[in-house]
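Scroll down for the structure; my scribbles are underneath it.
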Amino acid sequence: MPSALQQSIVSAMYVVEAKLDAGPPDAEKADLLASANILVGLLARVNEIELAAAADRVAAASAALLAVVNASGQDPVAVYLDKLNNAVGKLRKAAVAAHLDASETVPRAAAVAASDGKGDAGPSAPVAGSGIDCATDCSKRAIQIAAAGKTFVARYYRSASSKWAPLTAKEAQALSGAGLKIVTVWESDSDHLSHFSHSTGVAEGSSAYKQAMLAGQPSETPIYFAVDFDCDSEGISGPVNDYFRGVKDGFSAISSNHPAYSIGVYGSGNACAWLAGHGRVQYAWLAMSTGWGGSKTFKGWNIKQGKADSRLTFDHDTDEAVADYGGFSI
């Protein structure tokens, strides 16, 4: 279950969202977007911390911030940010020791021994997580997923026209409550080149960023964006590159040039390698289609997709991840 502090910050996010939807003047809109970005950062800083006494102090400060956001003509940052930062800093320091052993990794030798020996891409670091990606709400499946030995679930942010439901704060809480990490990915018409352009990247980057805030995704985590086909080199360096420039611009616009989230790509080995090599993305998720260009040789992945697990009775793919793959809980 989320702490009182986390609930307070998420509530504040919804207040900001309602004010933005009301169509405020540009100056007020800029202030609201800045406040939303700060709230995302604060949420990340207490994400893994559940020490009750310190959390209560921070929750009180967060509740005060919410009250100020609702009041007109006041700056929540100037009044309360120092209090929140000080309280969160003490809380995080107290919790560090308790979380040092939270992650377990599989030695690289074991990962190599488990491969099929046919030359498919190996990890850039020891495999540290086993998960799934799924197009549908996994709230009611969280316990089943954890019981199958999975440590994370990848879920989607979507356009309003999609028939599939996007990740919500409620689902994120259910997955986190089952001990699962969450990975997020944006996908729309991502399976043909004509979809990709700078303007589409701006629009979808902004939408994904907004959905991430409302879902409670903490800062300093990535949102992956799908390139779900075997794109040739000209397409990658052309329209796909333009799209990811647009995603970055969308992130910057909604955050007043201080984006809270990193950018990742889901796609072929060639797409992952080119976009990472040119600084367009910080994370790479290698699709399972080994026939796609570069997918048998690309080794710089953070997540690598595989076939379904027969123990799970719903539609999904499996994934393995290195230690730094962008998983989070709330």
Inside segment 123-140, can you point out the residues that are more than 21 Å from A215 (Cα to Cα), in a strand (DSSP E or B) and open to solvent by less than 40 Å² (accessible area, probe 1.4 Å)? V127, A128, G129
Evaluation of A323 against (1) at pLDDT below 95; (2) crowded, with 20+ Cβ neighbours inside 10 Å (one fails), failing number: (2)
For segment 275-288, which residues satisfy the criterion of being part of a loop (DSSP other than H, G, I, E, B) and not charged (D, E, K, R)? H278, G279, V281, Q282, A287, M288
Which one is nearest to the chain's Cα centre (by Cα) among residues in segment 191-218 that are among the small types (G, A, S) and buried (at least 19 other Cβ atoms within 10 Å of the Cβ)? A212
Matching residues, segment 285-299, being touching a helix residue (DSSP H, G or I) at 6+ places or on another chain (Cβ under 9 Å), among the small types (G, A, S) and surrounded by fewer than 17 Cβ atoms within 10 Å (Cβ to Cβ): none
Just give me the residues in segment 289-314 being under 20 Å from the mean Cα position of the chain (by Cα) and in a loop (DSSP other than H, G, I, E, B), in sequence order. G300, W301, N302
Positions within segment 141-175 being in a loop (DSSP other than H, G, I, E, B) and not charged (D, E, K, R), in sequence order: A148, G149, T151, S159, A160, S161, S162, W164, A165, P166, L167, T168
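So that you can scan it fast, the table gives a plain yes or no per residue for (1) over 21 Å from S162 (Cβ atoms); (2) at pLDDT 95 or above; (3) open to solvent by less than 30 Å² (accessible area, probe 1.4 Å); (4) in contact with a Ser or Thr (Cβ under 7 Å, 6 or more places away or on another chain):
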| position | (1), (2), (3), (4) |
| --- | --- |
| F225 | no, yes, yes, no |
| S255 | yes, no, yes, no |
| A276 | yes, yes, no, no |
| Y283 | yes, yes, yes, yes |
| D317 | no, yes, no, no |
Could you check how many residues of segment 257-272 are in a helix (DSSP H, G or I) and open to solvent by less than 50 Å² (accessible area, probe 1.4 Å)? 3
Of the residues in segment 12-31, those that are at pLDDT 75 or above, in a helix (DSSP H, G or I) and of a type in the set (G, A, S) come to A12, A18, A27
Condition check for G238: at pLDDT 95 or above and in contact with a helix residue (DSSP H, G or I) (Cβ under 7 Å, 6 or more places away or on another chain): no
Inspect all residues belonging to segment 237-244 and state whether any of them is under 21 Å from T318 (Cβ atoms) and either open to solvent by less than 20 Å² (accessible area, probe 1.4 Å) or free of Cβ contacts under 8 Å to residues at least 60 places away in the same chain (or both). no
When segment 227-250 is examined, which residues are found to be hydrophobic (A, V, I, L, M, F, W, C), out of contact with any His (no Cβ under 7 Å at 6 or more places or on another chain) and within 16 Å of E187 (Cα to Cα)? V227, C231, V240, F244, V247
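The values are calculated or read from the model by the stated rules, or taken from the named source; none is laboratory data. Predicted model, so just to flag it, every value in this text is computed and none were measured. Here the Cβ is made from the backbone with ideal geometry for all residues, glycine too, and neighbour counts use every protein chain on show. Each accessible area value is taken on the protein alone, full model and side chains, heavy atoms only, with ligands, DNA and RNA left out. Shrake-Rupley method; radii C 1.70, N 1.55, O 1.52, S 1.80 Å.
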